[in-house]
Amino acid sequence: MASRYYIDTAIWRDLHENRKDKSKNLGELAFGLFVKIRSNKEKIVYSEFVVEELSRAYDEQTINKLFKNVSAVLEKVEINEKQMKEASVLAKELNIPFGDALHGVLARDNNAIMVTRDKHFKKFRDNIVVKKPEELI
């Protein structure tokens, strides 16, 4: 079975903005992962919440262009009330932002690897695999 990846909003931004940190080209690493996923016909799962977060930085046209480049491997997943409630509880219990909790719940529920650089995800202890892009390429 092909792997599934839930890409954190920051990784999408790394890709689009070709961001860098002190020692790495984050944009190139993100690009390498997206190329691997497309080449292997794996799946990128995303939610409306990712779109909402991206819309804080980009207009709709930019988001559509970003998604169009990977549309063949893109799968939108729905968010249900149970997941929202669980994310709310986890955010309080683990002292992490609600959005990170929701992304983690969605990754887990959709059998996807959570791709992120965010250290909050290390607090998840419930069936979630967390990787950085460079750990997957």
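Among the residues of region 88-102, is there at least one that is surrounded by fewer than 17 Cβ atoms within 10 Å (Cβ to Cβ), in contact with a strand residue (DSSP E or B) (Cβ under 9 Å, 6 or more places away or on another chain) and closer than 26 Å to ARG19 by Cβ?
no
Every residue, every condition in (1) within 24 Å of ILE137 (Cβ to Cβ); (2) under 15 Å from the mean Cα position of the chain (by Cα); (3) modelled with pLDDT of 95 or more, yes or no:
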site: TYR46; (1), (2), (3): yes, yes, yes
site: THR62; (1), (2), (3): no, no, yes
site: LYS82; (1), (2), (3): no, no, yes
site: ASP109; (1), (2), (3): no, yes, yes
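Picking from SER55, SER23, SER3, SER39, which residue would you name as being within 15 Å of the chain's Cα centre (by Cα), under 24 Å from LEU136 (Cα atoms) and of a type in the set (Gly, Ala, Ser)? Let's see the steps before the verdict.
Details: SER55 fails: under 24 Å from LEU136 (Cα atoms); SER23 fails: within 15 Å of the chain's Cα centre (by Cα); SER39 fails: within 15 Å of the chain's Cα centre (by Cα).
When all the criteria are applied, what remains is SER3.
Quick one: how many residues across region 70-82 are closer than 19 Å to GLU53 by Cα and touching a strand residue (DSSP E or B) at 6+ places or on another chain (Cβ under 9 Å)?
7
Does region 14-63 hold any residues that are among the aliphatic types (A, V, I, L, M) and outside any helix (DSSP H, G or I), and which are they?
Across region 14-63, the qualifying residues are ILE44, VAL45, ALA57.
Taking interchain pairs and intrachain pairs at least six residues apart, which have beta carbon atoms under 7 angstrom, with the first residue in region 28-43 and surrounded by 15 or more Cβ atoms within 10 Å (Cβ to Cβ) and the second in a strand (DSSP E or B) and among the acidic types (Asp, Glu)?
LYS43/GLU75
Select, from ILE79, ILE128, ILE137, the only residue that is over 22 Å from GLU28 (Cβ atoms) and touching a Gly at 6+ places or on another chain (Cβ under 6 Å).
ILE128
For LEU66, are the conditions met, namely being of a type outside the set (Gly, Ala, Ser), within 20 Å of PHE124 (Cα to Cα) and part of a helix (DSSP H, G or I)?
When the stated conditions are applied, LEU66 does not pass them.
The values are calculated or read from the model by the stated rules, or taken from the named source; none is laboratory data. Since we're looking at a predicted model, the values are computed, not measured. Please note: Cβ atoms are built from the backbone with ideal geometry, for glycine as well, and neighbour counts cover all protein chains shown.
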